[in-house]
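Engineer: Dropping a structure here in structure tokens format, bear with me for questions.
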Amino acid sequence: MNTAKYHFSIGQFQVTVISDGQTQFPAHPLYAVNAQAEEVMQTLEYHFLDNVNYTLQCNIFFIDNGKDKILIDTGAGISLGNELGKLLENLTKAGINPTEITAILISHCHLDHISGLVSDEGKPNFPNAKIFINETEWDFWRKENIDLSSMPIEDGFKQNFIGAVRTNLNPIQQNISTFKFGQEILNGILTVNAIGHSPGHTAFLISSNNESLLHTGDIFHHPAFDLKHPNWATAFDQDAKQAYETRLKILDQASFDKSFLTSYHMPFPALGHIRKSDNHYEWVNLNWKF
């Protein structure tokens, strides 16, 4: 795999999108659990996509704000096979040493967002980083008995989610700092309530010199799914109704404000704008600059 990176700036902040890789998942029912299979196939074909499999991408943001060197999420590690988990390799290719990272912002504690924190040998991949997690999110996942009964996935998959927390977060608890929604946790980075997909799911508003980017995490996944059909839920939503309400609220505002935004699983480099059209949303890609 060639290095998938895209560099740009937000005001005085230097930002690089680093790919963690991509892999294939069944589109239905995982990414449209409340839709009919035929309807999912039709919308995938409409977007010129394979009508059976969904290409899952994970995009990590590296931000240098002049004081801290920050990652937003850390990818899937080995939790979802060997086609993902490319973060460390691609950071190195981009000239970024993991020991330089001083802060890691976790949008939520699902395995494809936290499994790059710890190596296969159980050692921190980012030994000098403080880990920031919403307090409600951390309280939920640190419990001895984690209730994932609302997620319509197989029990074995649920155990993988729980195992990822115990493998990647529990060993580095001393480095975890929690926050409330609405806090500016680092210079120019404000936390935004985006609950539903998980109990403390967080979006991050990154601002510098009157420029901004909204990192929406997993509020939406792909133009063919929860933008074209915003009522579609993924099988990984902890509270699908709340996730739907959050999606509408944030996307309506982003469309009205003409916000520049990203979503973790969008096709690389996952940068663009939202346009509202009748009862759905459209994704307008960033005009790449080289």
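The values are calculated or read from the model by the stated rules, or taken from the named source; none is laboratory data. From a predicted model like this one, the values you see are computed outputs, not experimental measurements. All Cβ positions, even for glycine, are placed from backbone atoms using ideal geometry, and neighbour counts span all protein chains on display.
Engineer: When Ala27 is evaluated against the numbered criteria (1) more than 18 Å from Pro269 (Cβ to Cβ); (2) over 19 Å from the mean Cα position of the chain (by Cα), which criterion, by number, is the only one it fails?
Structural biologist: Unmet condition: (2).
Engineer: Shifting gears a bit: Just name the residue that is farthest from Asn193 (Cα to Cα) out of those in the range 106-124 that are of a type outside the set (Gly, Ala, Ser) and surrounded by fewer than 24 Cβ atoms within 10 Å (Cβ to Cβ). Working first, answer last.
Structural biologist: First pass over the range 106-124, keeping only residues of a type outside the set (Gly, Ala, Ser): 106, 108-114, 117-118, 120-121, 123-124.
With the extra rule that they be surrounded by fewer than 24 Cβ atoms within 10 Å (Cβ to Cβ), the set shrinks to 111, 118, 120-121, 123-124.
Working: Leu111: 20, Val118: 27, Asp120: 32, Glu121: 34, Lys123: 31, Pro124: 28 Å.
The extreme case among them is Glu121.
Engineer: Same structure again: Looking only at the range 12-46, count every residue that is buried (at least 16 other Cβ atoms within 10 Å of the Cβ) and either in a loop (DSSP other than H, G, I, E, B) or among the small types (Gly, Ala, Ser) (or both) and tell me the total.
Structural biologist: Looking only at that region, the number is 10.
Engineer: Given the criteria closer than 20 Å to Phe161 by Cα and either in contact with an Asp or Glu (Cβ under 9 Å, 6 or more places away or on another chain) or in contact (Cβ under 8 Å) with a residue 40 or more places away in the chain (or both), does Ile63 qualify? Full working, then the answer.
Structural biologist: On the way: closer than 20 Å to Phe161 by Cα: no; either in contact with an Asp or Glu (Cβ under 9 Å, 6 or more places away or on another chain) or in contact (Cβ under 8 Å) with a residue 40 or more places away in the chain (or both): yes.
No.
Engineer: Phe290: part of a loop (DSSP other than H, G, I, E, B), modelled with pLDDT under 95, within 22 Å of Asp20 (Cα to Cα) and not polar (S, T, N, Q), yes or no?
Structural biologist: Working: part of a loop (DSSP other than H, G, I, E, B): yes; modelled with pLDDT under 95: yes; within 22 Å of Asp20 (Cα to Cα): yes; not polar (S, T, N, Q): yes.
Yes; evaluated as a whole, the condition is true for this residue.
Engineer: Return the only residue of Ile176, Ile162, Ile189 being under 30 Å from Gln253 (Cα atoms), β-branched (Val, Ile, Thr) and within 19 Å of the chain's Cα centre (by Cα). Break it down into steps so the answer makes sense when it comes.
Structural biologist: Working: Ile176 fails: under 30 Å from Gln253 (Cα atoms); Ile162 fails: under 30 Å from Gln253 (Cα atoms).
Step by step, each of Ile176, Ile162, Ile189 is checked, and only Ile189 is under 30 Å from Gln253 (Cα atoms), β-branched (Val, Ile, Thr) and within 19 Å of the chain's Cα centre (by Cα).
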